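Single-structure report; data block below.
The values are calculated or read from the model by the stated rules, or taken from the named source; none is laboratory data. Fair warning: this is a prediction, and the values are worked out from it, not measured in the lab. No Cβ is skipped: glycine too gets one built from the backbone with ideal geometry, and neighbour counts run over all protein chains shown. Heads up: the accessible areas ignore ligands, DNA and RNA and are worked out on the full protein's heavy atoms, side chains in. Shrake-Rupley method; radii C 1.70, N 1.55, O 1.52, S 1.80 Å.
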Amino acid sequence: MADRVTVIGWDGSPLTAAARSALSAATLVAGAAHHLALPEVPPGAERIRLGSVDLAARRIAGHRGTAVVLADGDPGFFGVVRTLRAPEHGLEVEVVPAVSSVAAAFARAGMPWDDARIVVAHQRTLRRAVNVCRAHPKVAVLTSPGAGPAELALLLDGVHRTFVICEELGTDREQVSVLTSDKAADHAWRDPNVVIVIGGSSNGHGGGWLMGHETPAVRGWALPAEEHEEYGEGRGATPSLRAAQLARIGPRVGDLVWDIGCGGGALSVEAARFGAAVIAVDADSTACARTEAAARRSGVQLHVVPGRAPHVLERLPEPDVVRIGGGGVPVVTACTDRRPERIVTHASTRDEAEALGAALADGGYTVECALLQSVGLDPGDWTERERSVVFLLSGRRIDRAP
C-alpha cells in the first residue's frame, strides 16, 4: 500500500504550498491529462491517466511510495475522495481542497447558490437529473460525456429553462454561455462542463437555513378541502383518498409523476411539494387553468398538458409513478404499457374496481384494493356533514427477469 496518499483539488489557480510540497515528494501521480502536464509534477514520478478511479485506486493501493491524486474542483464534493476511501481499497487520504466547479460556475454567473439543487448526470441518472430540473427553479448539473447540456435540453423538450453552461472552468479554454434550453441541443459542448438550469418561479426568496430547500409555507400534506377551495378537487377525490394515493405512489426528488385527470390540481401540487416533477393532464381546459393557478399559489413547478388520455400520453416522457383520476380501463392499460413503478387509481363501484384491478394485473402489476370510507363530522354537534365511499386500487410493478 502507498505510504501516503494526498488528493489535491485543482481549480486553475496556482497550487498552494501544501499542494506543491505533496507533489514534490510524489513517486506516483494520478490525474487527467491537463493535471499530469502541470510543471509541479516530478519528472521521475510514475503517471496514471485518471479514467476509472477504481482502477487507479487499485494501482495506488499496490504502490510502494508516496501517491498524489489530482482532481478538478473540490475532490470531496461529488469527487474522487469517496471512491478512494471505499473499504475495498483501504486507502487513508489527506485532502488539499480547491473551489468546487459548482461554486466556480455560480461565481461566473454572479448568482447565489445556497438555494440551488445540485445533481450529477451520467447516462444512468440523466433522466432523474432532468426531473429535478423540471421540478426546481435553480439546479446545478455536474455533467459527463453522453449526459451533457445537449442531452439535458433534449429531455427537457417542452419545458422552458435558461442554461448557463460553463465549459472547462479554470483553464485557458474556459467559456461561459447563456442560452435557452431549446437552443442547447444544437451545439457541441466541451467536457468537463457544469450547467446551471434556471426557470420557473418560487414562492420564497431562498437564502434560508437549509441548502437547496425552502420550508413549505403550509405545514402538512393531504390538506383539507378548504385549502384547495380556489381550484377544487378532482372527480370523486377527498383529502382521505388523496392521502392514501400519495402514500402509495410515494413521490420523491428525481421522480416524474403523471397525474391523469388532475381535476383542480390538488394531488399534483402535493406531489410537487415532495420534490417530484409532475406532469398534470386533463381534457378540461378549466381544470388545466385551475391546476396552473394551484401551482402558482403553492410556489411549485408543474407542467400542465391539456388533452384526453390515453392518446395524449403517447408524447409524454417516461413516468416513475402514475395517479389516474379517470378514464377507465383504456387509460390504465396505456399506463401499464409504459411500465411505471407504481400506479394508483380509484373507482366508485365494485364492478368498476374489478375491471381496473384486472387491467393492472394483466399489465404485470400486483394489485391492492381497499374500500375507503370517510365521514366528515361537524365538531360543534358531531353531526355528519359528508360521507365518501370509494375503492382505492394500487399496482406495484412486477420486475420480470431479463
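Of all the residues in segment 246-273, those that are open to solvent by 40 Å² or more (accessible area, probe 1.4 Å) and either under 17 Å from P137 (Cα atoms) or among the hydroxyl-bearing types (S, T, Y) (or both) number 3.
Selection over segment 142-163 of residues that are open to solvent by less than 20 Å² (accessible area, probe 1.4 Å), under 28 Å from S52 (Cα atoms) and part of a strand (DSSP E or B) gives a count of 1. Taking first residues from segment 199-214 that are in a loop (DSSP other than H, G, I, E, B) and partners that are modelled with pLDDT of 75 or more and among the polar types (S, T, N, Q), the Cβ contacts under 7 Å between residues at least 6 apart in sequence or on separate chains come to G199/T162; G200/Q301; N203/S298. Restricted to segment 53-102, and to residues there that are closer than 18 Å to N193 by Cβ and in contact with a His (Cβ under 9 Å, 6 or more places away or on another chain), the residue that is least open to solvent (accessible area, probe 1.4 Å) is A71.
In segment 300-323, the qualifying residues are those that are among the acidic types (D, E) and under 18 Å from A129 (Cβ atoms), and the one that is surrounded by the fewest Cβ atoms within 10 Å (Cβ to Cβ) is E318.
Of all residues being touching a helix residue (DSSP H, G or I) at 6+ places or on another chain (Cβ under 7 Å) and open to solvent by 20 Å² or more (accessible area, probe 1.4 Å) in segment 274-299, which is modelled with the lowest pLDDT? Just the residue, please. In this case the residue turns out to be S298. Pairs are defined by a Cβ separation below 8 Å, a sequence spacing of at least 6 or placement on different chains, a first member in segment 300-314 that is closer than 28 Å to I198 by Cβ, and a second member that is charged (D, E, K, R) and open to solvent by 50 Å² or more (accessible area, probe 1.4 Å); the pairs so defined are V300/R273; L302/E292; V304/E292.
Scanning segment 189-205 for residues that are exposed (fewer than 15 other Cβ atoms within 10 Å of the Cβ) and either charged (D, E, K, R) or modelled with pLDDT of 95 or more (or both) returns R190, D191. In summary, D114 fulfils each of the numbered conditions (1) in contact with a strand residue (DSSP E or B) (Cβ under 8 Å, 6 or more places away or on another chain); (2) open to solvent by 60 Å² or more (accessible area, probe 1.4 Å) with the single exception of condition (1). Checking the conditions here, which among A61, A98, A104, A86 is of a type outside the set (S, T, Y) and in contact with a Ser or Thr (Cβ under 8 Å, 6 or more places away or on another chain)? The conditions single out A98. Against the numbered list (1) closer than 24 Å to R173 by Cα; (2) at pLDDT 95 or above; (3) over 28 Å from the mean Cα position of the chain (by Cα), A22 comes up short only at (1). Any idea how many residues of segment 355-402 are surrounded by fewer than 14 Cβ atoms within 10 Å (Cβ to Cβ) and within 19 Å of P330 (Cα to Cα)? Residues meeting the conditions: 3.
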